[in-house]
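Everything below concerns the one structure shown next.
Each reported figure results from applying straightforward, stated rules to the coordinates on display, with no laboratory input. Keep in mind that this is a model prediction, so the values were computed, not measured. Don't worry about glycine lacking a Cβ; one is built from the backbone with ideal geometry, like all the others, and counts go over all protein chains shown.
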Amino acid sequence: MEYKHTPVMPRECMEALSPHAGGVYVDGTAGLGGHSELLAESGGRVFCIDRDAAAVEACKARLSRFGERVRVLQGNYCESDRLLDEVNAGEADGFLLDLGVSSMQLDAPERGFSYRFDAPLDMRMDTSQTLTADEIVNSWEYRKLVRILYDYGEERYAPQIARGIIAARPLQGTTALAEAIVESMPAKGRREAQHPARRTFQALRIAVNGELEALETGLHAALNRLAPGGRLAVISFHSLEDRIVKRVFAAAAKGCTCPPDFPACVCGRKPTVILLGRQKPTEKETEENPRSASAVLRVAEKL
């Protein structure tokens, strides 16, 4: 399927990374290659990473005009050290992470990411992995369901929804799941502006793909890959992601981990980055691309 991809905050990302001819750049979540294409147009070398086989093929097709300056690699960005070492990428002048699910995945009904279509309960970004949303929805125990709904969806009605899912088993698709979620919620929850199933679908997707576990590992790998003066730009779309990015960046910028009541530093750790701020999309962008509305861009520069 041909798919038109509009990257989020493209101008802000390019200003943050300042790509130039001769530079080395990594797009750790390449998707359909929108950001990667902008990086490649600078004349630098670009290494594109994505765990989704369909995205990898689409990205290769989109970026083929750049020839050997662009390499597209299949894998999880949390394994970027291994992936980049295998192709002798060296240090990077810029590293970009655009987190979460891609528009292509959301808009492909058969992938099961969205409650807008009736589809199998899949939600895998890497379709070669074995864990699916179907296994979680139809076999996980009550306590585990409640935990992921609280932790990954920040769902206030997690106990009610978990009980409703278990009572409705076996659930055969996304529509049946969404209906079970709505029926489990009190009337107040059903009247919210956004779809009542949104947070549960988010929680299931994060659990299936291990997104938050990968994030912290991936951030450290990206920071370690940067050359001095190189920059890491991260776009997050919900508070769970943004809190992790903020914490990892803050710790790297602080360096010292000694308790605040120590008279002098004894750990010897020094700051490894400086923080270059936080940005949100412009009003114009959110009007043209509503999916960008919740995006937050944070940037750190390697010392």
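If you take every DSSP beta bridge whose two residues both sit in the chain, what share of them, in percent to the nearest 5, is antiparallel? Of the beta bridges lying entirely in the chain, close to 40 percent run antiparallel. Of all aspartates and glutamates in the structure, the ones whose alpha carbon falls short of 18 Å from that of Lys188, not counting any fewer than 8 places away in one chain, are Glu154, Glu155, Glu179. Could you sort out which of Lys246/Lys280; Lys246/Lys302; Lys270/Lys302; Lys60/Lys246; Lys254/Lys302 sit more than 21 Å apart by Cα distance in this structure? From the list (Lys246/Lys280; Lys246/Lys302; Lys270/Lys302; Lys60/Lys246; Lys254/Lys302), the Cα-Cα distance tops 21 Å for Lys60/Lys246.
Coordinate range of the alpha-carbon atoms in the range 55-192 per principal axis, descending: 55, 29, 26 Å. Here the ratio of the Cα radius of gyration of the range 159-252 to 2.2 N^0.38 Å is 1.47.
Cα-Cα pairs above 30 Å in the chain: how many percent? That fraction is 37 percent.
The trypsin sites (Lys or Arg not before Pro) of the range 203-303 include none that DSSP puts in a loop with a beta carbon having at most 12 other beta carbons within 10 Å. Other residues within the sphere of radius under 13 Å centred on the Cβ of Ile206, judged by their own Cβ, net out at -1 (K and R +1, D and E -1). Along the axis of the charge dipole computed for the range 155-285 (Cβ charges of +1 for Lys and Arg, -1 for Asp and Glu, origin at the Cα centre), the listed residues Ile274, Pro263, Tyr157 are led at the positive end by Pro263. Here the Karplus relation 6.51 cos²θ - 1.76 cosθ + 1.60, evaluated at θ = phi - 60°, turns the backbone of the range 93-103 into coupling constants of 8, x, 9, 10, 10, 10, 7, x, 7, 8, 4 Hz, with x for every Gly and Pro.
The longest stretch of the chain left intact once loop-based GluC sites (Glu not before Pro) with at most 14 other Cβ atoms within 10 Å are removed from consideration, loops following DSSP, is 193-303.
Phi angles of the range 179-185 translate, via the Karplus equation with coefficients 6.51, -1.76, 1.60 and θ = phi - 60°, into HN-Hα couplings of 5, 5, 5, 4, 5, 7, 8 Hz per residue; Gly and Pro are given as x. Residue-wise HN-Hα couplings along the range 285-294, as the Karplus relation 6.51 cos²θ - 1.76 cosθ + 1.60 with θ = phi - 60° gives them from phi, are 5, 5, 5, 7, 9, x, 5, 7, 4, 8 Hz; Gly and Pro carry x.
Round to the nearest 10 and give me the degree value, 0 to 90, for the angle of helix 211-225's Cα axis relative to the longest principal axis of the chain. Around 0 degrees separate the two axes. Here the relative contact order of the range 140-210, from alpha carbon pairs under 8 Å that lie six or more residues apart, stands at 39 percent. Over what distance in Å are the Cα centres of the range 44-58 and the range 199-270 separated? Between the Cα centres of the range 44-58 and the range 199-270 lies a distance of 23 Å.
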